[in-house]
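The values are calculated or read from the model by the stated rules, or taken from the named source; none is laboratory data. Note that the structure is a prediction, hence the values are computed from the model and not measured. Methodologically, a virtual Cβ is constructed for each residue, glycine included, from the backbone with ideal geometry; neighbour enumeration extends over all protein chains shown. The area values use the complete protein model at the heavy-atom level, side chains included, leaving out ligands, DNA and RNA. Shrake-Rupley method; radii C 1.70, N 1.55, O 1.52, S 1.80 Å.
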Amino acid sequence: MANAAEKLPPEESPSGVGLDDLRDLVKRCLGTLETLRSLGMTPDREKRLIKRYRAQRVAEMVGFSRTKVTPAIAALGLEQDVDPDTGRKVGYSLEQVNQLRDHLGSRPSRLPHEPCARVAVQSFKGGVAKSVTSVYLAQFLAEKGYRVLIVDCDPQASATSSFGYVPDIAFNVKHTMAPCIRGEQDTLHYAILHTYFDGVDLVPSCLGLNDLDFALFDAVANAQPGEDASDFYHAIDEAIGTVEADYDVIIMDSAPNLSMMTINILVAANAVLIPTPPALYDFASTNQYVQMVDKVMSSIAPGKRYAFLKVMPSKVDRSKKKQVEFLEIMSDKFGKFLLRESFFAAGAIPDSASYFQTVFDQPKPDRRVVAMLNQVLGEVENEICRMWPSKHESLRERGVLT
């Protein structure tokens with residue numbers, strides 16, 4: 001009796017999906033990502049911030065009148081960029097604005113003895129705008145003049161993509177935090193990239209970072225007699241400690257799960273931001289997340305305290321009555337842990353992301369979206385500034401601190 005394989009016609013291939021098919025799918029998708037990436041680039045394929053600031057706006061950002069800023073511009077030899085098509089002056093770059101801040105001593109940086117704000121942006125649930133929050137908060141703070149580092153701890157690497165990279169083409173695991181965590185590098189400096197957005201540095205991620213989570217789990221499970229397994233929960237804390245002196249704020253974008261990495265991030269953080277859409281499942285997920293923080297930290301770091309832990313209403317659609325009503329439930333139950341301002345759903349945000357851009361990249365962004373971002377991210381900025389006594393007088397003057 002002939003076997004099944006002999007009954008197949010020679011030209012017929014096996015049915016179903018094989019690994020070769022998956023590899024072909026990945027190759028085609030990466031090609032599309034590379035094409036989309038190029039649309040957000042300058043002709044030399046390097047992403048740059050094309051946004052420019054007019055003289056009056058520069059003065060506002062620097063914090064002095066134009067009569068004081070104008071001589072400083074001259075002293076530094078700064079010149080406005082020119083539109084090559086029209087020949088008109090279009091304004092100054094963010095890098096030039098920061099040069100003026102440094103020259104006039106108006107950077108809002110923390111004092112050296114004040115703590116670096118280590119903000120964990122976490123959630124158990126995907127699709128809550130976690131990476132969007134991380135990137136937008138970083139760019140918002142950088143535009144204000146703060147020195148910001150994003151540590152992308154999510155193997156999906158959405159935050160890394162936002163800065164113009166296709167992670168698994170541009171990077172492999174040796175470019176991530178993994179070598180520092182494994183003891184192959186003494187500090188995290190090797191992994192830091194200066195991004196196109198002046199004031200924002202990045203430790204990138206890629207799919208290979210998945211292996212680090214398994215490595216940390218194995219290290220705890222196979223700890224030798226006399227070896228303190230709890231040390232492996234402080235790996236990210238120690239890595240960040242090697243570079244934090246250079247920054248005012250370090251933002252850790254976390255994967256949406258409970259893992260050794262997410263626990264490490266909680267240990268390393270001194271502040272937590274939890275994006276939560278106003279919906280039942282998201283509300284329940286955040287409640288579970290807070291329970292996890294309590295349970296895990298009680299056993300690993302029982303004395304742990306965060307400068308703030310805030311739930312941020314995200315992806316809020318004001319046209320949907322159910323969401324508006326659920327915001328009231330969130331306000332009642334989360335109380336002081338809920339931000340007063342909400343991150344509203346805005347088409348400009350996903351539209352920009354389609355081209356590896358953000359609203360902060362755009363020369364003429366939607367003013368309503370910018371106003372919303374200023375409100376909600378400004379509230380987070382205030383929470384960060386509460387960590388620094390040198391900012392308390394300013395917070396009192398604005399009625400933020402009593």
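Computed quantities for the displayed model
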quantity	calculated
Among (1) open to solvent by less than 10 Å² (accessible area, probe 1.4 Å); (2) of a type in the set (A, V, I, L, M); (3) closer than 23 Å to Pro313 by Cα, the one test that Val97 misses	(3)
Close pairs (6 angstrom Cβ cut-off, 6 or more residues apart or separate chains): farther than 16 Å from Ser109 by Cβ and open to solvent by 30 Å² or more (accessible area, probe 1.4 Å) in the stretch 382-402, of a type in the set (A, V, I, L, M) and not in a loop (DSSP other than H, G, I, E, B) anywhere	Leu401/Leu395
Helices (runs of 4 or more DSSP H) enclosed by the stretch 329-402 - at least 3 residues per element that are among the hydrophobic types (A, V, I, L, M, F, W, C) and within 24 Å of the chain's Cα centre (by Cα)	348-353, 367-385
Qualifying position, being in a loop (DSSP other than H, G, I, E, B), of a type outside the set (Gly, Ala, Ser), crowded, with 20+ Cβ neighbours inside 10 Å and touching a residue at least 24 places away in the same chain (Cβ under 8 Å), among Pro278, Pro313	Pro278
Residues (within 19 Å of Leu49 (Cβ to Cβ), assigned to a loop (DSSP other than H, G, I, E, B) and open to solvent by less than 90 Å² (accessible area, probe 1.4 Å)) located in the stretch 75-91	Leu78, Gln80, Asp83
Condition check for Leu137: in contact with a strand residue (DSSP E or B) (Cβ under 7 Å, 6 or more places away or on another chain), at pLDDT 95 or above and under 30 Å from Ala353 (Cβ atoms)	yes
Some residue of the stretch 247-268 being free of Cβ contacts under 8 Å to residues at least 12 places away in the same chain and not charged (D, E, K, R)	no
Scan of the stretch 244-267 for residues that are under 16 Å from Pro204 (Cα atoms) and assigned to a helix (DSSP H, G or I), ordered by number	Met261, Ile265
Enumeration of residues in the stretch 115-129 that are assigned to a loop (DSSP other than H, G, I, E, B), open to solvent by 10 Å² or more (accessible area, probe 1.4 Å) and not small (Gly, Ala, Ser)	Pro115, Phe124, Lys125
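Every residue, every condition in (1) of a type outside the set (S, T, N, Q); (2) under 23 Å from Asp152 (Cα atoms); (3) modelled with pLDDT of 90 or more, yes or no:
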residue: Leu258; (1), (2), (3): yes, yes, no
residue: Asn264; (1), (2), (3): no, yes, yes
residue: Pro278; (1), (2), (3): yes, no, yes
residue: Met292; (1), (2), (3): yes, yes, no
residue: Gly303; (1), (2), (3): yes, no, no
residue: Glu325; (1), (2), (3): yes, no, yes
residue: Met330; (1), (2), (3): yes, no, yes
residue: Gly335; (1), (2), (3): yes, no, yes
residue: Arg340; (1), (2), (3): yes, no, yes
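This table checks each residue for (1) surrounded by 13 or more Cβ atoms within 10 Å (Cβ to Cβ); (2) touching a strand residue (DSSP E or B) at 6+ places or on another chain (Cβ under 6 Å).
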site: Asn287; (1), (2): yes, no
site: Gln291; (1), (2): no, no
site: Lys295; (1), (2): no, no
site: Phe308; (1), (2): yes, yes
site: Lys322; (1), (2): no, no
site: Glu325; (1), (2): no, no
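For every residue, the table says whether it meets (1) assigned to a helix (DSSP H, G or I); (2) of a type in the set (A, V, I, L, M, F, W, C); (3) open to solvent by 30 Å² or more (accessible area, probe 1.4 Å).
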| position | (1), (2), (3) |
| --- | --- |
| Glu184 | no, no, yes |
| Tyr196 | no, no, yes |
| Ser205 | no, no, no |
| Gly208 | yes, no, no |
| Asp211 | yes, no, yes |
| Asp218 | yes, no, yes |
| Ala223 | no, yes, yes |
| His234 | yes, no, yes |
| Glu238 | yes, no, yes |
